[in-house]
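Heads up, the thing below is written out as structure tokens.
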Amino acid sequence: MPDDTQAVTPGTYTVISTNDGTKQVEIHIELMRLAILQAEMATPNANAFNTGIIIVNGMTPISEGRSRESNLDKHAAEIAIIKAKHNRLLAGSTMYTTMEPCSSTAVSKVPCTSHIIGAGIRTVVIGVKEPESFVNCKGVETLCAAGIDV
């Protein structure tokens, strides 16, 4: 019987710690600023971080989302993906998120990483990793294992 599964090429994990003046780093900084604006608009909650998301295809913004935007049960990544589902540009796009996407059903009914993988997003740019004191998040590892560049 033939094997229908395909091996997934792991995604890469790159840390940008300084602005080296390249155009790509400048673009990352500007788009992350837009994600931060989304996070700043989120309703504060003493038990959760405010996360902001911008999804772009090339340089074209196709969606945005923030924590507690429309439903207390949905995270920012899920909201942004739901808003962009009608957009054929979602597959292959880049997500800018202020915080590492959750990877556990202990945090969300369906982890943000599952939504990102299912949407076909190709690259995720993360502002900060989830603090280990908050939850044992494996978002970066989960996304890389699915072939997504982080």
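Among the strands (runs of 3 or more DSSP E) confined to segment 32-144, the ones with at least 3 residues that are open to solvent by less than 10 Å² (accessible area, probe 1.4 Å) are located at 52-57, 94-99. Among all residues of segment 115-132, there is at least one that is among the hydroxyl-bearing types (S, T, Y) and modelled with pLDDT of 90 or more.
The values are calculated or read from the model by the stated rules, or taken from the named source; none is laboratory data. Just so it is clear, the model here is predicted, and its values are computed rather than measured. For accessibility, only protein heavy atoms count, side chains too; no ligands or nucleic acids. Shrake-Rupley method; radii C 1.70, N 1.55, O 1.52, S 1.80 Å.
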